[in-house]
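> The structure follows.
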Amino acid sequence: MRVRMFCIRKNDIVVVISGNYKGKTGRVLKIFPKKQRIIIEGVNFIKKHMRPSQNNPQGGIVEKEASIHISNVQLIHNNEPTKIGFKNLKDGKKVRYSKKSGEIIDSI
C-alpha cells in the first residue's frame, strides 16, 4: 500500500464532516499515515479498561480519544471548512493552499 502525503497535519484545526461526530471541531493530536487515521482532541471518546500500573495505581475505566479516518475530516481555514491543495512556488517552495479562497496556508 502506497502512502501519500496528507493535507492534514498535527495541530491543525479540523471539522468532522461525516459519522457520529459530524459538525464537531478539534485540534489534531496525532496522525497515523499508514492506517490513514487521526486522533482529534475532544472527538470520538471510548472507554478503555485499564489494569493497575505504576502510572495508574488504581486502574479502572479511562475515557480517551480514539482515531477516525482522515477522509471524514476537513481543515478549517478562516473559520470555514476547505479542501487543501499543493502547489510549487517560483522560488521552489512547496506550499499548502486553500482551494476555497486560494490563500496559502503554510509551506512544507
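> In segment 46-108, what is the count of Lys pairs whose alpha carbons are under 22 Å apart, counting only pairs at least 8 residues apart or on separate chains?
Summing the qualifying lysine pairs gives 10.
> Which entry in (1) 34; (2) 59; (3) 54 matches percent of Cα pairs over 19 Å apart derived from the coordinates of this structure?
Identified label for the calculated read-out: (3).
> Over the chain, what is the mean sequence separation of C-alpha contacts under 8 Å (at least six apart), divided by residue count, expressed as relative contact order in percent?
Values: 195 pairs, mean separation 21.6, N = 108.
Computed value for the chain: 20 percent relative contact order.
> Subtracting the Cα-Cα distance from 0.36 nm times the residue separation, let me have the gained length for K83 to L29 in nm, one decimal. Show your work: numbers first, answer last.
On the way: separation 54, 0.36 × 54 = 19.44 nm, distance 1.99 nm.
Going from the current span to full extension adds 17.5 nm.
> Computed over the Cα atoms of segment 51-108, what is the convex hull's projected area averaged over all directions, in nm²?
On the way: hull surface 29.2 nm².
Directional mean of the projected Cα hull area for segment 51-108 stands at 7.3 nm².
> Tell me which of G23, N55, I70 sits at the most positive position along the dipole axis of segment 13-80, charges placed on C-beta atoms (Lys, Arg +1; Asp, Glu -1).
N55
Just so you know, all these numbers are worked out from the coordinates, no wet-lab data involved. If you're wondering where the values come from, they're calculated on a predicted model, not measured in any experiment. FYI the Cβ positions are ideal-geometry reconstructions off the backbone, even for glycines, and counts take in every protein chain you see.
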